[in-house]
There are 2 protein chains.
Amino acid sequence: MNNVVDQKNRKKMTIVDTDVHHGYRSKSDLFPYLSKFNAERFAEYGIETGFSFGFNGGVRGRRAELVDENNPPPKENFFTSAFDVEDTRVRLLDGSGIDLAILTGGIGQAASAMFDVDYASALCRAFNDFSLEHWIAKDERFRLVLHINSQDPNGAAAEIDRLGSHPAVCSVMLGCGAPRPFGHRLYHPIYEACVRNGLAVAMHFGAEGTGVNPPISAAGFPSHYIEMRQIRSSWYSVNVASFVFEGVFEKFPSLKIGMLEAGFSWLAPLMWKMDFDWKGLRRQTPWVKKLPSQYIKEHIRFATQPMEEPEDPSQLKQLIDWIGGSQILMFASDYPHWDWDDPARTLVDYPEDFRRRIFSENAIDTFRLSLPSISKAA
Amino acid sequence: MNNVVDQKNRKKMTIVDTDVHHGYRSKSDLFPYLSKFNAERFAEYGIETGFSFGFNGGVRGRRAELVDENNPPPKENFFTSAFDVEDTRVRLLDGSGIDLAILTGGIGQAASAMFDVDYASALCRAFNDFSLEHWIAKDERFRLVLHINSQDPNGAAAEIDRLGSHPAVCSVMLGCGAPRPFGHRLYHPIYEACVRNGLAVAMHFGAEGTGVNPPISAAGFPSHYIEMRQIRSSWYSVNVASFVFEGVFEKFPSLKIGMLEAGFSWLAPLMWKMDFDWKGLRRQTPWVKKLPSQYIKEHIRFATQPMEEPEDPSQLKQLIDWIGGSQILMFASDYPHWDWDDPARTLVDYPEDFRRRIFSENAIDTFRLSLPSISKAA
């Protein structure tokens, strides 16, 4: 990966963006998809979980230049989501030459932490219906992650069956936080429904430490947003370990999982440790038949953003080699967050075949995507 | 670090073992150091917190060959600790040529999670007194980590002042789990007392997810011991971030912290991320004046065990270089755990000056140790 790259002669690459945060402008956007009682509850109480460290970088979590004083982010939009379809098409899709953008929302992480399971599931259904009508229908470059309430796995499976065959639906969202890690058998109806509908799982943090979820670390809550960011990888690694050691991939051999906004450099020591420990301890989990890192390489993919960038970029290249990054990484912009990655500046100094895998092919394989027929890159 | 090493001409190195688990054989060993009420309570209820995944490798957590059928580990000794002073002197100190062994116990992690703060603190005091009389007094190669109840920082400071001037006492134990991370100002009386007594902090997991502590991950408890091991590093990293971003090292510039049984390969991505994030977010924590990795390099040390060993050992060497391992790693055997490291087989293929730092000098600096006058290595 140390070849000199001829930047000028690069042709336009197909770009799949695996993590674009879409949302609604106003709570009332969801009213048409809710019962009268739930709409009134949503108007009055809103989303009843979801964490906030108050200060979270940028301008209310957004890049300063994305905040338009004439079209400001609504206060109730606490997801730091894009709330304007047209603006997103112009700035992100056209502006950054994105061929496919996976809309990750969302509401499911917060819903999965709510006390009232029925209200939570109703919000997920409403958000999915809203997203199909007001985002997916507006541009053929959008794909959707379905939001479900993971606290009710059978109910979640019903929601997956209700909308899973829509051609723009490519996966099902899980948060990282939960009462138990996501490899646990109590969640398996969700994976059965994913497999039945040919959908991947997308995992994205969002409501850790709120509602029914435990605190965000074994030492509770830190004081500052920057501290929270240092343990975010652990919210994913506990689930990576759970998926592998609970035997999820032996039970669901076609299941793929995309981990979003997790970064990936933490994966090298995790793979080392999982493999090393498995050699000494595997008699407790005899259904784990291969090296743990092998399951990861076959089933789990990682979005590139936010990259832990060392002072010396050659170290990152080395680490990407160690984890087999060309096969398991997928580009994500994380638009419209303050720390988003511009594809024009991401992993620039890497060879073409590597970039092709990261910018489109790995995501296309994981989420079984097909490019729009009029894609500029076709 | 890729020089060829002349193994045969190596002379005996000084070895400081920074993590040896000592304990008592029977609860009654602590009775002389407890009030009548507390002794009766201890006899009846024992330690009222402390986690167990049941199966935890080896034979009840010990290396099989260390379990002597004629002198079996007592059932009540759930710390997986060495319970026989003579046996430890012969097998570990003499057998492995250890010049100094830091006895890490312990009871403080479990005590710090107990509901009843007075009972918990009494157990810490009793354990410290027992350790001085029945371990430290038996061999001049032993050094002691004081056990304290971190739930009562002022009470903990009093215990540090009571015993901190004992020449064999070298540090103060904190667990990783807690209601809030350990950089928080509520714990600062502990660090004031450490500085006042010239003692380091030793951090070692032990009672995460039990008693007053939150569950061990943002997704609660996994099913299996091997899963727990994959997130153990996060119990340390949340505290590394807390110490740095709460400004503990600006407030206590002489404070040193030794993190034990944490491994260290997770530190490379953590350093990258802390530094990278600090550049974008430092206005929330303006008292953090240097690169976060700089504070780590100046103040925090990491025991080598358990090493995450990749298939290709050159990757580990590379990573050790990235984190400045020659200055921040300290050898630990983790005796008598099943996954202990024999010093004769640890980091063998590294140059002499590197090994000297790791096997003794870094620990001597961190814990302000002096070698016994009759040390074989003197």
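Placing +1 at every Lys and Arg Cβ and -1 at every Asp and Glu Cβ, with all other atoms neutral, what dipole size does chain B have around its Cα centre, in debye to the nearest 20? Let's see the in-between values first.
Values: 41 positive and 48 negative charges, 211 e Å.
That gives chain B a dipole magnitude of about 1020 debye.
With r defined as the distance between the Cβ atoms of residue B:186 and residue A:314 and R0 fixed at 45 Å, what FRET efficiency is calculated, to the nearest 0.05?
The calculated FRET efficiency here is 0.60.
Quick one: in chain B, whose Cβ comes closest to the B/A rotation axis, and how close in angstrom?
B:234, 2
Where the only charges are on Cβ atoms (+1 Lys, Arg; -1 Asp, Glu), what is the dipole of segment A:240-374 about its Cα centre, to the nearest 20 debye? Before the final figure, lay out each step's value.
Values: 16 positive and 20 negative charges, 189 e Å.
Using Cβ point charges on Lys, Arg, Asp and Glu, segment A:240-374 gives about 900 debye.
How about segment B:238-319: which chymotrypsin sites (Phe, Trp or Tyr not before Pro) there are in a DSSP loop, with at most 15 other Cβ atoms within 10 Å of their Cβ? If you can, show how the numbers build up before the last one.
Numbers: sites: B:243, B:245, B:249, B:264, B:266, B:272, B:276, B:278, B:287, B:295, B:302; in loops: B:264, B:266, B:287.
Passing sites in segment B:238-319 are B:287.
Just to confirm, what accessible area per residue do you get for chain B at 1.4 Å probe, in whole Å²?
Values: 13630 Å² over 378 residues.
Roughly 36 Å² per residue, with all protein chains present.
Averaging the inverse of every distinct alpha carbon separation and then flipping it gives the Kirkwood radius. What is it for segment A:225-344, in angstrom units? Before the final figure, lay out the partial values.
Working: mean 1/r = 0.0655 Å⁻¹.
Computed over Cα pairs of segment A:225-344, the Kirkwood hydrodynamic radius comes out at 15.3 Å.
Where in chain A are the DSSP H helices whose alpha-carbon span along the long axis reaches 30 Å or more and whose Kyte-Doolittle mean is at least -0.5? It would help to have the intermediate numbers written out before the result.
Numbers: long enough: A:225-245 (31 Å, 0.22).
In chain A, the long hydrophobic H runs are A:225-245.
What average count of beta carbons from other chains do you get within 10 Å of the Cβ of residues in B:271-279? Don't skip to the answer; put the middle values down first.
Working: counts 3, 12, 13, 5, 4, 9, 9, 1, 1.
The mean count of partner-chain Cβ atoms within 10 Å per residue comes to 6.
Do any GluC sites (Glu not before Pro) in segment B:95-203 lie in a loop, going by DSSP, with at most 15 other beta-carbon atoms within 10 Å of their beta carbon, and if so which? Display every interim value, and only then the final one.
Details: sites: B:133, B:140, B:159, B:192; in loops: B:140.
When the GluC sites (Glu not before Pro) of segment B:95-203 are filtered for loop state and at most 15 Cβ neighbours within 10 Å, B:140 remain.
Return the FRET efficiency for the residue pair residue B:28, residue A:254: r is the Cβ-Cβ distance, R0 is 60 Å, and the value is rounded to the nearest 0.05.
Values: r = 58 Å, r/R0 = 0.97.
For R0 = 60 Å, the calculated efficiency reads 0.55.
Among the listed pairs B:12/B:297; B:256/B:290; B:12/B:138; A:273/B:256; B:12/B:256, which have their C-alpha atoms separated by more than 20 angstrom in this model? Mind dumping the intermediate values first?
On the way: B:12/B:297 28 Å; B:256/B:290 17 Å; B:12/B:138 24 Å; A:273/B:256 27 Å; B:12/B:256 28 Å.
As for pairs spanning more than 20 Å Cα to Cα, those are B:12/B:297; B:12/B:138; A:273/B:256; B:12/B:256.
Any idea what the relative contact order of segment B:7-367 is, in percent, if you count C-alpha pairs under 8 Å spaced at least 6 apart? Spell out each step's value before the answer.
Details: 642 pairs, mean separation 74.1, N = 361.
It comes to 21 percent, rounded to a whole number.
How many angstrom lie between the C-alpha centres of segment A:120-158 and segment B:134-156?
Centre-to-centre distance over Cα atoms comes out at 56 Å.
Which distances in nm, rounded to one decimal and ordered from shortest, link the label point of residue A:68 to the equivalent label points in the other identical copies, with labels set 7 Å from Cα toward Cβ?
Listed shortest first, these distances are 7.9 nm.
What nm distance separates the two modelled labels at residue B:139 and residue B:196, each placed 7 Å from Cα along Cα→Cβ?
Going from the residue B:139 label point to the residue B:196 one covers 3.3 nm.
Restricting to DSSP loop positions (anything but H, G, I, E, B) with no more than 14 other Cβ atoms inside 10 Å of their own Cβ, which trypsin sites (Lys or Arg not before Pro) remain in segment A:268-339? Walk me through the intermediate numbers first.
Details: sites: A:273, A:279, A:282, A:283, A:289, A:290, A:297, A:301, A:317; in loops: A:289, A:290.
Sites meeting the loop and neighbour criteria: A:289, A:290.
Between copies, how far does the label point of residue A:26 sit from its twins, in nm, shortest first, when each point is 7 Å from Cα along Cα→Cβ?
Output for residue A:26: 7.7 nm, nearest copy listed first.
Pop a pseudo-label 7 angstrom from the Cα along the beta-carbon direction at both residue B:65 and residue A:365 and give the gap in nm to one decimal.
Inter-label distance under the simple model: 4.4 nm.
From other protein chains only, count the Cβ atoms within 10 Å of every residue's Cβ in B:236-248, then give the mean. Don't skip to the end; give the middle numbers.
Values: counts 2, 7, 12, 6, 3, 9, 8, 0, 3, 7, 4, 0, 0.
For this peptide, the per-residue mean of nearby foreign Cβ atoms is 5.
Taking a quarter of the surface of the Cα convex hull of chain A, what do you get in nm²?
On the way: hull surface 74.4 nm².
So the mean shadow area of the Cα hull is 18.6 nm².
The values are calculated or read from the model by the stated rules, or taken from the named source; none is laboratory data. Model, not experiment: these values are computed from the prediction. Glycine also receives a Cβ, built like all others from the backbone with ideal geometry; neighbour counts cover every protein chain displayed. These accessible areas exclude ligands, DNA and RNA; they are computed on the full protein's heavy atoms, side chains included. Shrake-Rupley method; radii C 1.70, N 1.55, O 1.52, S 1.80 Å.
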